[in-house]
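**Q** Just passing along the structure, written as C-alpha cells.
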Amino acid sequence: MRVLLVEDNEINCEIVEFMLEQAGAEVVTADDGKAAVDAFEASAPGTFDCILMDLMMPVMSGYEAARVIRGLDRPDAKAVPIIALSANAFEEDVAMAKAAGMNEHLAKPVDINEVFRVMRRLKG
C-alpha cells in the first residue's frame, strides 16, 4: 500500500511513518496541505492508495487540501480514501472533515491498528 502522510508535527510524522513502514506500506510525507496537494498532483493517477491528513497545519489546512484534491480533474481525485487524523475529535470536527471530502476521521493519538482497519475497509 502506498500512503501519502500529511503531518506538520515532525515527531508525529516520524512515528506514524515508522509504523506504516513496519507494516509494509510505502510512505510519502508532506508537512502541510499545500505540499500534499503538490505531491498528489505530481503523482501518476492511482499512485496513492490512501491519504492520511492532519487537519490543523500551516500554509493550507487539511480541510482545504482535501477540498482541492477532491476538485482536481483526474480519475483518482474523487476516489482516493482521505482519512483525517486530528486531536480535534468533537462531532463538529468530524462533520467538517466529511464536508471537506474526507472519508473518515480518526482521533490522535493515532491507534495504528484502527488506521489499518479503516484503510482496509475504505480500500475495499
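Readers should treat all values here as calculations from the given coordinates under stated rules, not as data from a laboratory. Not measured: the values here are computed from a predicted model. Cβ coordinates were reconstructed from backbone atoms using ideal geometry, including for glycine residues, and neighbour counts include every protein chain displayed.
**Q** Do the sum for the chain: with -39,500 (n - 2.57) for every DSSP H run of n ≥ 4, divided by all residues, what is the mean residue ellipticity at 222 nm, to the nearest 500 deg cm²/dmol? Mind dumping the intermediate values first?
**A** On the way: 5 runs with 54 residues, N = 124.
So the helix-based figure for the chain works out to -13000 deg cm²/dmol.
**Q** Here's something else I'd like to know. Which of the trypsin sites (Lys or Arg not before Pro) across region 1-87 are loop residues per DSSP, with 12 or fewer other Cβ within 10 Å?
**A** Passing both the DSSP loop test and the Cβ count: LYS78.
**Q** Sketch the reach of a paramagnetic label on LYS123 as a point 7 Å from Cα along Cα-to-Cβ, and name the residues of region 18-39 whose backbone nitrogen lies under 20 Å away.
**A** 18-30
**Q** While we're on this one: Going by the alpha-carbon gyration tensor, a ≥ b ≥ c the square roots of its eigenvalues, is region 1-120 rounded (a/c under 1.5) or, if a/c is not under 1.5, prolate (a/b greater than b/c) versus oblate?
**A** On the way: a/c = 1.34, a/b = 1.06, b/c = 1.26.
Judged from the Cα gyration tensor, region 1-120 comes out rounded (a/c under 1.5).
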